[in-house]
1. Is at least one residue of the stretch 140-147 part of a loop (DSSP other than H, G, I, E, B) and surrounded by 24 or more Cβ atoms within 10 Å (Cβ to Cβ)?
2. Specify the residue that is nearest to residue 348 (Cα to Cα); the eligible residues are those in the stretch 279-316 that are part of a loop (DSSP other than H, G, I, E, B) and in contact (Cβ under 8 Å) with a residue 12 or more places away in the chain.
3. Please tell me if residue 88 is under 21 Å from residue 160 (Cβ atoms), touching a helix residue (DSSP H, G or I) at 6+ places or on another chain (Cβ under 7 Å) and in the same structural domain as residue 172 (by TED's automatic domain parsing).
4. Say we look at the stretch 51-65 and pick out the residues that are in a loop (DSSP other than H, G, I, E, B) and buried (at least 24 other Cβ atoms within 10 Å of the Cβ); which of these is farthest from the chain's Cα centre (by Cα)?
5. Does the stretch 73-82 contain any residue that is under 16 Å from residue 173 (Cβ atoms), in contact with a helix residue (DSSP H, G or I) (Cβ under 6 Å, 6 or more places away or on another chain), outside any strand (DSSP E or B) and in the same structural domain as residue 115 (by TED's automatic domain parsing)?
6. Can you name the condition, by its number, that residue 125 falls short on among (1) free of Cβ contacts under 8 Å to residues at least 40 places away in the same chain; (2) under 18 Å from the mean Cα position of the chain (by Cα)?
7. Looking at the stretch 89-108, can you tell me whether even one residue there is assigned to a helix (DSSP H, G or I), surrounded by 21 or more Cβ atoms within 10 Å (Cβ to Cβ) and either touching a strand residue (DSSP E or B) at 6+ places or on another chain (Cβ under 6 Å) or touching a residue at least 12 places away in the same chain (Cβ under 8 Å) (or both)?
8. Pick out the one residue from 340, 329, 358 that is crowded, with 22+ Cβ neighbours inside 10 Å, within 22 Å of residue 157 (Cβ to Cβ) and touching a helix residue (DSSP H, G or I) at 6+ places or on another chain (Cβ under 7 Å).
């Protein structure tokens, strides 16, 4: 079948015998109805085998975007393969916005939602928390629609593709707003411990970047809405940057979103990178772990205790916050969370040694990994058995199961 398809990072070669790119929901239904095993691919921004299969791989990127705004209902409906950056531009042009965005606007809506992908903000849930409805092509090829309030809805949103192919999603929207972004440098590490809650809540969205190597946090990115308080000149000892910055200091900030407090549209500030920029495909691997936000300071200390085993593989680490939610397989299920994100060098062996060290160090805090990134072990989820029962109902033949789903979701 020629050269095999790879994920965005290039570390996963998909084993699919056939790759389908349907142009309609009906075509998706036909493919699923005639297949023994299927997995679904969005933009391929996962770093593990979550989307892998040896049989049929279905890309939903070719489905018509068909973006429908319901002003009266306060929602927008869109095909699952649409990228957030494209959806955001359409919404903004019509006077609307989403509550938050991830650091990359290039990811597909359905793929990001299915894995519990997030932005940052102590009051903001992950991207899946504004989903009001999902349309799924289930195991027999039938189209199933679930809406917020339905008995199984909270199990069907962050679902890892294990229930079927998500071909359409409905999201809550709000009036358009503006955001300004300030970058602060060299936050004293002791100040982070002493003032963690204030720093995490210093803006609508806050990200901290660190190499875990010294007694300072390299950068703090603070994103403020137009109705937030003005930005201070310094932040607990961290001073405002005198120019534009990239999270990795040695890299050019050309493709980062505007900084320096210049107001702009929400979708041009909440991500870290511009939609026009193609991120560093093939140049990195990623891991991310979530612990309770109340355990943040202790978790920081735990990471520092194993820094000698972590930093050889590390490019940069990002710390963010996410509000808790009720979605069964969400990494933030019933827990306000702090995210410890690690951007690694593209060396699988080196990365796995660092991952082992992190999982051991963070074990006392019951860490939950990001479903789409590199990890070794996953905890049991309180609603895991309910999810397995839902999967058995929507996909009784196990058409959408693969080794990843069996091991990390259904085995527990």
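The values are calculated or read from the model by the stated rules, or taken from the named source; none is laboratory data. None of these values were measured; they are calculated from a predicted model. Don't worry about glycine lacking a Cβ; one is built from the backbone with ideal geometry, like all the others, and counts go over all protein chains shown.
1. Quick first cut of the stretch 140-147, residues part of a loop (DSSP other than H, G, I, E, B) only: 140-142.
Filter again for surrounded by 24 or more Cβ atoms within 10 Å (Cβ to Cβ), leaving none.
There is no residue in the stretch 140-147 that is part of a loop (DSSP other than H, G, I, E, B) and surrounded by 24 or more Cβ atoms within 10 Å (Cβ to Cβ).
2. First, the residues of the stretch 279-316 that are part of a loop (DSSP other than H, G, I, E, B): 279-284, 306.
Now drop any that are not in contact (Cβ under 8 Å) with a residue 12 or more places away in the chain, which leaves 279, 281-284, 306.
Numbers: 279: 19, 281: 15, 282: 12, 283: 12, 284: 10, 306: 18 Å.
Applying the filter and picking the extreme gives 284.
3. Numbers: under 21 Å from residue 160 (Cβ atoms): no; touching a helix residue (DSSP H, G or I) at 6+ places or on another chain (Cβ under 7 Å): yes; in the same structural domain as residue 172 (by TED's automatic domain parsing): yes.
Spelling it out, it is not the case that residue 88 is under 21 Å from residue 160 (Cβ atoms), touching a helix residue (DSSP H, G or I) at 6+ places or on another chain (Cβ under 7 Å) and in the same structural domain as residue 172 (by TED's automatic domain parsing).
4. Going residue by residue through the stretch 51-65, those that are in a loop (DSSP other than H, G, I, E, B) are 51-55, 60-65.
Checking which are buried (at least 24 other Cβ atoms within 10 Å of the Cβ) leaves us with 51, 53, 60.
Numbers: 51: 15, 53: 22, 60: 18 Å.
The extreme case among them is 53.
5. Yes.
6. Every listed condition holds for residue 125 apart from (1).
7. Initially, the stretch 89-108 is screened for residues assigned to a helix (DSSP H, G or I), giving 89-93.
Checking the rest, the ones that are also surrounded by 21 or more Cβ atoms within 10 Å (Cβ to Cβ) come to 91.
Right, trim to either touching a strand residue (DSSP E or B) at 6+ places or on another chain (Cβ under 6 Å) or touching a residue at least 12 places away in the same chain (Cβ under 8 Å) (or both) and you get 91.
The answer is yes, given that some residue of the stretch 89-108 is assigned to a helix (DSSP H, G or I), surrounded by 21 or more Cβ atoms within 10 Å (Cβ to Cβ) and either touching a strand residue (DSSP E or B) at 6+ places or on another chain (Cβ under 6 Å) or touching a residue at least 12 places away in the same chain (Cβ under 8 Å) (or both).
8. Working: 340 fails: within 22 Å of residue 157 (Cβ to Cβ); 358 fails: within 22 Å of residue 157 (Cβ to Cβ).
Answer to the selection: 329.
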